[in-house]
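Enquirer: One structure coming up, written as structure tokens, with questions to follow.
The values are calculated or read from the model by the stated rules, or taken from the named source; none is laboratory data. None of the values given here were measured: they were computed from a predicted structure. Note that each Cβ is placed from the backbone with ideal geometry, even for glycine, and that neighbours are counted across all protein chains shown.
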Amino acid sequence: MKLLKILVAVALLSTVVACRDDEATKQMDVKFLLTDAPSSQNFQEVNIEVKEVYYSVSGENWVKLPVTQDVYNLLDLTNGLDTLLANIKLDAGTRINQMRLVLGTNNTIKLADGTIKTLETPSAATSGLKINIHESISTESGYAVMIDFDADRSIVEKGNGDYSLKPVIRAYIVQNTSYIDGNIIPSFLTMNVFVVSGSDTVSTVSDVTSDNYFKIHGLYTGTYSLQFKDITTNLILKDTTINIVGGTNVRLGNILFSIAN
């Protein structure tokens with residue numbers, strides 16, 4: 001009888017230890033995505049070579065992601081479209097603190113007339129651009145880190161007709177943010193759409209090839225000024241206040257503008 005009790009106790013202890021081990025090693029999926037805002041400069045392509053991507057939990061130790069070096073046309077990744085760079089497993093509750101994006105030198109743009117221009121890339125971009133992510137996470141089931149490359153603000157035309165790349169990039173945890181989207185009517189009226197909060201501005205360009213759709217994502221809880229500007233005159237045609245609460249997306253539907261004859 002004593003032997004039976006001992007065996008039962010050992011079995012129960014083994015079960016408890018196994019459960020604790022399972023809890024200790026519980027993991028979650030963390031995805032890393034790349035996206036961009038549309039360009040208002042009439043580029044046909046904006047091609048950026050992503051060479052390596054690293055992340056840091058502590059802000060000191062860097063871990064290389066399993067990213068295949070490739071060239072991405074950022075204009076394929078606009079108005080809500082993105083591409084998966086990597087998907088990894090981390091211990092549940094682990095928060096990404098920083099990213100480091102290393103670019104190659106094979107960066108080009110295609111102009112409206114089809115001319116291809118090389119983008120002169122600063123050494124800082126080829127050695128690694130640090131991007132801070134000052135956010136907490138409230139889930140242990142996984143999350144996605146969005147790397148938002150603003151091509152429109154990143155490309156600078158020089159006086160001699162050449163172009164240089166000065167990357168403007170932000171990163172955020174998708175689950176912590178909201179988006180605003182809608183369709184502009186008439187459908188041929190391309191507009192610059194801005195979301196402004198204090199000194200921070202996020203912008204996009206409506207897509208006349210897709211029902212004049214626009215989407216601005218990566219927005220936190222707060223009050224924003226939503227502005228619609230004529231893409232040719234840069235005049236503000238509409239300015240309205242938008243409140244985002246608790247990470248709820250704002251779907252505006254059709255937004256009607258009258259066109260003067």
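Enquirer: Determine which member of the set N106, N61, N97 is polar (S, T, N, Q), under 18 Å from E140 (Cα atoms) and assigned by TED's automatic domain parsing to the domain that holds N160.
Expert: Values: N106 fails: under 18 Å from E140 (Cα atoms); N61 fails: under 18 Å from E140 (Cα atoms).
None of the others qualify; the one that does is N97.
Enquirer: Of these, V156, V145, which one is exposed (fewer than 13 other Cβ atoms within 10 Å of the Cβ), assigned to a strand (DSSP E or B) and β-branched (V, I, T)?
Expert: Working: V145 fails: exposed (fewer than 13 other Cβ atoms within 10 Å of the Cβ).
Being exposed (fewer than 13 other Cβ atoms within 10 Å of the Cβ), assigned to a strand (DSSP E or B) and β-branched (V, I, T) holds for just one of V156, V145, which is V156.
Enquirer: Give the residue that is nearest to L74 (Cα to Cα), with candidates limited to residues of segment 117-138 that are in contact (Cβ under 8 Å) with a residue 40 or more places away in the chain and loosely packed, with under 14 Cβ neighbours inside 10 Å.
Expert: Going residue by residue through segment 117-138, those that are in contact (Cβ under 8 Å) with a residue 40 or more places away in the chain are 117-122, 125-126, 128-129, 131, 133, 135-137.
Cutting the leftovers down to loosely packed, with under 14 Cβ neighbours inside 10 Å gives us 122, 136.
Values: P122: 19, S136: 28 Å.
Filtering first and then ranking leaves P122.
Enquirer: Let me ask you something else. Across segment 204-227, what is the total count of residues that are of a type outside the set (D, E, K, R), touching a residue at least 12 places away in the same chain (Cβ under 8 Å) and assigned to a loop (DSSP other than H, G, I, E, B)?
Expert: Of segment 204-227, the ones of a type outside the set (D, E, K, R) are 204-206, 208-210, 212-214, 216-227.
Among the residues that remain, those that are also touching a residue at least 12 places away in the same chain (Cβ under 8 Å) are: 204-206, 208, 210, 212-214, 216-227.
Subset that is assigned to a loop (DSSP other than H, G, I, E, B): 206, 208, 210, 212, 220-221.
Matching residues across segment 204-227 total 6.
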